[in-house]
Amino acid sequence: MNYKTIFEPFRIKSIEPITITTEDQRNSYLEKAYYNPFLLDSDQVMIDLLTDSGTSAMSANQWAGMMIGDESYAGAKSWNHMHSVIKDLTGYHHILPTHQGRAAERILYTLLGGNGKTFISNTHFDTTRANIEYTGAEAIDIPIPEATHPQEIHPFKGNMDIEKLEEIIKEKKPENIGCVILTVTNNSGGGQPVSMKNAKDVRSICKKYNVNFFLDCCRIAENSYFIKHREKEYESKTYKEIAQEMFSLADGAVMSAKKDGLVNMGGFLAIEDEKLSEKCSNLLIITEGFTTYGGLSGRDMEAIAIGLKEIFEPDYLLYRIVSTAYLGENLHKMGVPLMLPIGGHAVYIDSKELYPQIPVEQYPGQALVCELYLKGGVRAVEIGSVMFGKYSEKNKLIPASMELVRLAIPRRVYTQSHIEYVIEVFEKILEDKDKVRGMEITFETLFLRHFTAHFKRL
Ligand code: F0G
């Protein structure tokens, strides 16, 4: 089209009302939720940017697919449909359905992990890290150095540091490496893409040392968009062809279909190696379900099969990436410190830069998450020391490398005026940013504490 406005390439057929709240109401809701927006009820939230996971709006086609979902225990038609779409996309021989990404992670990392094992990733997502550490193994993040400097521009800030990869494999010894995981796009590192060149380099090192290489591919369509537009040799390939090439480099993949599968629930584990897949199938049957449904309803499998095709439509991907960038670029122009360039599924605010008066021990990201909710009913998530901080033996906080707050954009859900509203809320955030104080944790759990922690304002 010869117009500069890129509009949502869909019409709205079914709507879900938003409850409008006042600041006084939100004050009391947040206090009752111990200043942790995970503990709010969804109808207390006006614009929910907590996650892009499982929050997509399904298409009319997917809803139609739900009606023909085959709920047979074994050999369901819907499984055959899902299986054939994933086989065609990934090329892997063995595909196991799971109810979501972390179920696939748990199965795979339980079998590859354990005491003395090391996993290496551009950045492990929180559930990935937790599933690995739960087995007794260690998880090491090696993003490229640019990745931890929010203001630095790099076309593929999600890349893995190849030199460090080789060093760690040598130091720990190849037989002790559980696997190398490339997360595309790199969610915890700002939704930043990984280049095909980097994936090829990871593959050649893993081949050299005979180490497993898996993709965490839940946003691979968005990653393919960036490759097509930023990596010259790929400009004439389709998004799907780019994804297929990336799959061909790895030994398998875990996917949470709740992201680029455009569904509310589902995932899969895909593996090339037969022996490993047999072991995974056993664990799948014990803990998730039989190999032709793995914890999913037939209707969910039908919706995944359709969603995994819709996600590669060029008009959709253009709208997706451009609309996320629209929010980020407007906030950047206003002077909100951000992770640049803008990633695929979310905008990440650098809360340490926004609130320099708050030390990391007082969680500037959590303070921003609370301000966003109080001022505008916008729910976001802290991706900093609340999510990834650890304690030293002396009980001192070892902070995360960045104090980000993620505004994740659900797929096909919000219109441009919702986003204009979020931008306006940030005007208010900037107005009194110097007055904001930090937070203290009053209750926490050992794993994934950000979901349930309680806070108090200082
Ligand atoms: N890997 C990545 C990169 C993820 O972003 C997620 C989930 C998972 C694995 C786990 O998948 O939720 O289906 O079990 N990310 C969500 C988020 C929760 O908000 O980013 P799951």
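The values are calculated or read from the model by the stated rules, or taken from the named source; none is laboratory data. What you see is a predicted model; the values in this text were computed from it and never measured. Counting neighbours? That spans all protein chains shown, and the Cβs are built from the backbone with ideal geometry, glycine included. Surface accessibility is based on the protein's heavy atoms, side chains included, excluding ligands, DNA and RNA. Shrake-Rupley method; radii C 1.70, N 1.55, O 1.52, S 1.80 Å.
Details
- Hz values of 3J(HN,Hα) by residue in region 271-277 - Karplus curve (6.51, -1.76, 1.60), Gly and Pro given as x: 9, 7, 6, 5, 4, 5, 5
- Accessible surface calculations at 1.4 Å, restricted to protein heavy atoms, place region 1-97 at 64 Å² per residue.
- Less than 5 angstrom separates the built amide H of residue 98 from those of 267, 268, 269, all sequence-distant by 5 or more or on a different chain.
- Förster-model FRET efficiency, 25 Å R0, residue 417 and residue 10, C-beta, rounded to 0.05: 0.95
- Reciprocal of mean inverse Cα separation for the chain (Kirkwood radius, Å): 22.5 Å
- Judged by the mean number of other Cβ atoms found within 10 Å, the most tightly packed of the peptides 82-90, 318-326 leads the ranking 82-90, 318-326.
- When GluC sites (Glu not before Pro) are flagged only if DSSP places them in a loop and at most 10 other Cβ atoms lie within 10 Å, the longest unflagged stretch of the chain comes out as 1-234.
- Cut-off 11 Å between beta-carbons: net charge of the residues surrounding residue 316, Lys and Arg +1, Asp and Glu -1: -2
- Over region 60-310, Cα pairs under 8 Å with separation of 6+ residues give a relative contact order of 32 percent.
- Backbone N under 13 Å from the residue 166 label point (7 Å along Cα→Cβ), restricted to region 193-208: 201-208
- Helical runs assigned H by DSSP (4 residues or longer) give the chain a calculated mean residue ellipticity at 222 nm of -12500 deg cm²/dmol, each run adding -39500 (n - 2.57) before division by the residue total.
- Based on C-alpha pairs under 8 angstrom that are at least 6 apart in sequence, the chain has a relative contact order of 23 percent.
- Intensity falloff of region 60-310 expressed as log10 I(q)/I(0), Debye formula with alpha-carbon point scatterers, at q = 0.10 Å⁻¹: -0.45
- Approximating the spin labels as points 7 Å out from Cα along Cα→Cβ, the residue 433-to-residue 452 distance works out to 3.5 nm.
- Count Lys and Arg as plus one, Asp and Glu as minus one, and take only other residues whose Cβ is under 14 Å from that of residue 42; the net charge is then -2.
- Coupling constants for region 24-38 follow from the phi torsions by the Karplus curve (6.51 cos²θ - 1.76 cosθ + 1.60, θ = phi - 60°), and in residue order they are 4, 4, 5, 4, 6, 4, 6, 4, 5, 8, 6, 6, 10, x, 4 Hz; glycine and proline get x.
- Taking every alpha-carbon pair under 8 Å whose residues sit at least 6 apart, region 329-390 reaches a relative contact order of 20 percent.
- Protein accessible area in region 31-129, 1.4 Å probe - carbon and sulfur %: 54 percent
- A full extension of the chain between residue 290 and residue 210 corresponds to an added length of 25.7 nm, given 0.36 nm per residue minus the alpha carbon distance.
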